[in-house]
1. What are the pairs, 6+ residues apart or on separate chains, where a residue within segment 1-15 that is over 13 Å from F118 (Cβ atoms) and among the acidic types (D, E) has its Cβ under 7 Å from a residue that is in a loop (DSSP other than H, G, I, E, B) and open to solvent by 50 Å² or more (accessible area, probe 1.4 Å)?
2. Filter segment 1-24 for residues that are in a loop (DSSP other than H, G, I, E, B), under 14 Å from the mean Cα position of the chain (by Cα) and at pLDDT 95 or above and give the result.
3. Would you tally the residues in segment 1-37 being within 12 Å of the ligand (Cβ to nearest atom), among the acidic types (D, E) and crowded, with 18+ Cβ neighbours inside 10 Å?
Amino acid sequence: MAAQLLLLEDDPAIARTVVYTLERDGLAVTHSLLLRDARQQVQARAFDLLVLDVGLPDGSGLDLLQQVRNTPAPTPGTPGTPGTPSATPVLMLSARGEELDRVLGLELGADDYLSKPFSPRELAARVKALLRRAGAPAAALAAAPALCTTMPRASASACAASHWH
Ligand code: CA
């Protein structure tokens, strides 16, 4: 199964580029435009990695980072605890030069940080490094690049369309 990512980003143009780049690398991306929606996502299901923008119309990505870090990890051996445990890698995104955000993010437990504008390729490389460090199934990453190109023509359009969620 592909690694499951949550992207919280209110700028649709940035989000589209990021989702396209990560899905091309075989990762499954759930995109939230608002903090409120992202909160519901992490409460409802588990993600392998979170990419959180700081400046959002309805709050700060740092709040969600704090919430995730305060959620205890499920006890090993207990069946399917919902929600994203505190050890989940988190990469923060922020506007250029917001050093305070950067420091706060790292103090709150972010694993990595990118300032805007950033290269989607660099984001993808950092995401994959974090997943490797977290011990995500190697197959989920290795199987990645060919996903769309090997699809039969009939489903190729569905594959392309999935980038625009
Ligand atoms: Ca923003």
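The values are calculated or read from the model by the stated rules, or taken from the named source; none is laboratory data. Please read these numbers as outputs of a predicted model, since none were measured by experiment. No Cβ is skipped: glycine too gets one built from the backbone with ideal geometry, and neighbour counts run over all protein chains shown. All accessible areas refer to the heavy atoms of the entire protein, side chains included, with ligands and DNA or RNA removed. Shrake-Rupley method; radii C 1.70, N 1.55, O 1.52, S 1.80 Å.
1. Between residues of segment 1-15 that are over 13 Å from F118 (Cβ atoms) and among the acidic types (D, E) and residues that are in a loop (DSSP other than H, G, I, E, B) and open to solvent by 50 Å² or more (accessible area, probe 1.4 Å), the close pairs are D10/L33; D10/L34; D10/P57.
2. Across segment 1-24, the qualifying residues are A3, E9, D10.
3. Number of matching residues: 1.
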